[in-house]
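The structure appears below as structure tokens.
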Amino acid sequence: MRPLNVNTRRVGETVGVAWHKFVEDESYEVGKVASAIRKHLDAGGVDDTALKRTHLSVIERAAGPLTFAPDGWDHEDVGWERSPMNARAWVDATGARLRGPD
């Protein structure tokens, strides 16, 4: 898949520079994913950090490596649903989509 250099919305929906460099359908070690998310949350300016830290906790407990797969689950294809901070945007080593806490 193509690397995303803008927010993880589809092409043509540019909403600013992405805070991450995760590429759809690429696999990453759990620690790398968790570290990037934690760094972004700690930098400030993120809404609803309590919810996002709960998703981070789900990600940290997952069996890695994790594959970034923001498509392929039932969502409306908007920002949060495609965000790497959303546990449901990841698939674990067994091929199971992570489940968010909500």
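Just so it is clear, none of the values below were taken in a lab; they were calculated from the coordinates. Predicted, not measured: the structure shown is a model, and the values here were computed from it. Don't worry about glycine lacking a Cβ; one is built from the backbone with ideal geometry, like all the others, and counts go over all protein chains shown.
Residue separation of ASP48 and VAL23 scaled by 0.36 nm, minus their Cα-Cα distance, works out to 6.6 nm of gained length.
Shown here for the range 18-72: chymotrypsin sites (Phe, Trp or Tyr not before Pro) in loop regions (DSSP other than H, G, I, E, B) with at most 11 other Cβ atoms within 10 Å, of which there are none.
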